[in-house]
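The next block holds one structure in the form of structure tokens; read it before the comments.
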Amino acid sequence: MAVSRRKFMTSMAAGTALAAVSTSELVSGLTSAASAASPVGDVVGKITVGYQGWFACAGDGAPINGWWHWAQNWSQSPSPSNNAIKTWPDMREYAHSYQTAFANLGNGRPATLFSSYDQQTVDTHFRWMRENGCDTAALQRFNPTGGEGPTRDAMAGRVRSSTEAYGRKFYIMYDVSGWTNMQQEIKTDWTSKMSALTSSSAYARQNGKPVVGIWGFGFNDDNHPWSASACLDVVNWFKSQGCYVMGGVPTYWRTGTSDSRAGYLDVYHAFNMISPWMVGRIGTAADSDRFYTNLNAPDQADCNAHGIDYQPCVLPGDVSARQRTHGDFMWRQFYNMVRVGAQGIYISMFDEYNEGNQIARTAENAGMVPAGSGFLALDEDGTVCSSDYYLRITADGGSMLKGQIQLTATRPTPPVASGGAPTNLARGKATSESGHTQNYGSSNAVDGDAGSYWESANNAFPQWLQVDLGSAVTVSRIVLKLPSSWGARTQTFSVLGGSSASTLSTIAGSAGHTFDPASGNTVTITFSPTSTRYVRLNFTGNTGWPAGQVSEFETYAV
């Protein structure tokens, strides 16, 4: 079982080490010339999220064959006395779930959990990333030579598939914790397995090179015992393979104190990008301010002076420790890391329910956690927060990093999305189709971009386009769009729906619908409120082109 990063570092005293940073060192660091080492790429100028992808359930078909990371004893179902998590996920958007031994949720629904081994789970996560400005995912890869290896290999393939489908980027991030024969085996793993992933259009590149992350060199504990020369050998080997190497390094990497071994500065300076670890180091906004002054600013100056990209961590906070303060803790970090001049930001983590530091959708209130479990929900401090709140904070923080909104210390993200505009239920959801021409696939119809579009196979009516809303929802309206620059045309189609893709019935009968650029090339179709998960358009004609065409397929609830 892989060791949680926090478990072997909580003994490091942040205050003691901070006191060791002298005023003269701070001033010297702050006066260094500041200049970005690299141009914007897939990690520089972007939001990267750490992605564990390490949850499995009994019966999901994963080679590991157990409750991987949900429970302490993987052979037994998670329960109040056998679990390895601190918070409960919001399970409402998962197509597949697995029954646990917990009591029902507070709302009476069964206490089920997801499996990362299900492709739909990974697709759901990467759709959330696309909807919330998460540009790149660093797929965590622990020692793959043991029993976890085959499942981790499969997860790499699933992540590749999802990033390609949802327009995100990913890269392999080796976590070397506890990897005894790391120096040779990490090279073998890259050349024999993981390097093949770089052929994907979704594999992250920076400065034209595939990105590889290595987390764990130089940490001052028994779980990271390698010499500086061994670590430097590995970094330089990956660089010799043409890789851009990101280093997940100790918090006090620059001074070689506290959580960092002394004598590893040459290793740290060999990385193309440095990302110092922060989980377990800070728990309040005041802590973030203190670290900004005493560590982040001189870290940034040191990186600038050595041509290294700086990618500090931002974490939402441990729900169970009541650190989040309804988003203020996370926003203060975004503010500090943007004003320090960071080249990128690393979110710790996307799906880390084990440490309670996940930004993925999380139980909103007691009605969404197992009764009697003791798990806290996002409203633990009395502030109602939607389950996607920390995804939305990440989106706004990313906008600030990219200069799309002004630098502000005031959190702009409301805990619950404000009312007014209705929610497009189809945005970013899974799609399917009868077929498409060239690169005009069905996912273009739910990407929020009216300039991209789905076009069916030509001269082959009937054709169809379908969206999976994830679960049954009562809908009463769809809005279809074509690019605003296109000429007028009338498309003939019907609307079908149902709880299963194989048992659809007619919601709105076949009719001709005119798309007119004078009215925005938009068609709205209303119908009686209907509970459905799948919504399908069946096309039989188009006066403007011999194919079905849709740039946006929007679906709205009652």
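Restricting the count to DSSP beta bridges whose residues both fall in segment 85-234, what percent are antiparallel, rounded to a multiple of 5? Can you show the working numbers first?
Numbers: 4 of 15 bridges.
In segment 85-234, approximately 25 percent of DSSP beta bridges are antiparallel ones.
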Cα pair distances exceeding 17 angstrom across segment 143-253, given as percent: 55
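For the chain, which whole-number percentage of the solvent-accessible area (1.4 Å probe, protein heavy atoms only) is attributable to carbon and sulfur atoms?
Working: 9580 of 19790 Å².
Ligands and nucleic acids excluded, carbon and sulfur give 48 percent.
Kirkwood Rh over Cα pairs of segment 304-412 into Stokes-Einstein at 4 °C, 1.567 mPa s: D in µm²/s? Before the final figure, lay out the partial values.
Working: Rh = 14.6 Å.
Reported coefficient: 89 µm²/s.
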Helix axis angle, 119-131 relative to the chain longest principal axis, alpha carbon, degrees: 80
Karplus ³J(HN,Hα) for segment 82-97 (6.51 cos²θ - 1.76 cosθ + 1.60, θ = phi - 60°; Hz, whole; x = Gly/Pro) runs 9, 8, 10, 10, 10, 9, 10, x, 7, 9, 5, 9, 8, 6, 10, 8
With a 1.4 Å probe and all protein chains kept in place, how much accessible area does LYS209 have, in Å² rounded to the nearest 10? 90
Quick one: angle between helix 389-401 and the longest Cα principal axis of the chain, in degrees between 0 and 90, rounded to 10, please. 70
Fraction in percent of alpha-carbon pairs per bin - 10 Å, segment 230-317: 17, 49, 27, 7, 0
Write down the accessible area per residue of segment 200-244 in Å², having rolled a 1.4 Å probe over the full set of protein chains. 34
If one computes the Cα centroid of segment 91-142 and of segment 297-369, what distance in Å separates the two points? 20
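Stokes-Einstein D for segment 314-356 at 37 °C, 0.692 mPa s, Kirkwood Rh over Cα pairs, in µm²/s? Could you put the intermediate results ahead of the total?
On the way: Rh = 11.0 Å.
Answer, rounded: 299 µm²/s.
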Restricting the count to DSSP beta bridges whose residues both fall in the chain, what percent are antiparallel, rounded to a multiple of 5? 60
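If I take every Cα pair under 8 Å that is 6 or more residues apart in segment 223-284, average their sequence separation and divide by the length, what percent do I get for the relative contact order? Can you show the working numbers first?
Working: 67 pairs, mean separation 21.4, N = 62.
This gives 35 percent for segment 223-284.
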Accessible area per residue in Å² at 1.4 Å probe, computed on segment 383-463: 46
Along segment 366-382, what does the Karplus equation 6.51 cos²θ - 1.76 cosθ + 1.60 (θ = phi - 60°) give for ³J(HN,Hα), rounded to whole Hz, x for Gly and Pro? 4, x, 10, 10, x, 4, x, 7, x, 5, 8, 10, 5, 8, 4, 9, x
To the nearest 10 square angstrom, what accessible area does VAL416 show with a 1.4 Å probe? 70
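Provide the convex hull volume over Cα atoms per residue for segment 425-498, in Å³.
Working: hull volume 8.3 nm³, N = 74.
It comes to 112 Å³ per residue, whole-number rounded.
Using only helices, what value at 222 nm comes out for the chain when you add -39,500 (n - 2.57) per DSSP H run of length 4 or more and divide by the total residues, to the nearest 500 deg cm²/dmol?
Numbers: 11 runs with 117 residues, N = 558.
After summing the helix terms and dividing by residue count, I get -6500 deg cm²/dmol.
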I'd like the Kirkwood hydrodynamic radius of segment 88-142, using the inverse of the mean 1/r over distinct C-alpha pairs, in Å. 12.9
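Counting only C-alpha contacts under 8 Å and six or more residues apart, can you give the relative contact order of the chain as a whole percent? If you can, show how the numbers build up before the last one.
Working: 1285 pairs, mean separation 79.2, N = 558.
Computed over the chain, the figure is 14 percent.
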When the Karplus curve 6.51 cos²θ - 1.76 cosθ + 1.60 is applied with θ = phi - 60°, which whole-Hz ³J(HN,Hα) does each residue of segment 334-341 get, with x for Gly and Pro? 4, 4, 5, 6, 6, 6, 6, x
Would you pull out the residues with amide H under 5 Å of ALA71's amide H, same chain only if 5 or more places away, H placed 1.01 Å from N? ALA84
Please say if segment 65-162 is rounded, prolate or oblate, where rounded means a/c under 1.5 for a ≥ b ≥ c the square roots of the C-alpha gyration tensor eigenvalues, and otherwise the choice is prolate for a/b larger than b/c and oblate otherwise? oblate
The helix 182-192 Cα axis meets the longest alpha-carbon principal axis of the chain at an angle in degrees, between 0 and 90 and rounded to 10, of 30
If you wrap a convex hull around the Cα atoms of the chain, how much volume per residue is inside, in Å³? 157
Can you give the accessible area of ARG361, probe radius 1.4 Å, in Å² rounded to 10? 40
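Does segment 381-488 come out rounded, prolate or oblate by the C-alpha gyration tensor, with a ≥ b ≥ c the root eigenvalues, rounded set by a/c under 1.5 and, if not, prolate when a/b is larger than b/c and oblate if not? Intermediate values should be presented prior to the final figure.
Details: a/c = 2.74, a/b = 1.84, b/c = 1.48.
Because a/c hits 1.5 or more and a/b exceeds b/c, segment 381-488 counts as prolate.
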Shape category assigned to segment 183-231 from the gyration tensor of Cα positions, a/c cut at 1.5: prolate
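The values are calculated or read from the model by the stated rules, or taken from the named source; none is laboratory data. This one's a predicted model, so the numbers in the text were calculated from it and none came from an experiment. Note: accessible area is taken over every heavy atom of the protein model, side chains too, but ligands, DNA and RNA are not part of it. Shrake-Rupley method; radii C 1.70, N 1.55, O 1.52, S 1.80 Å.
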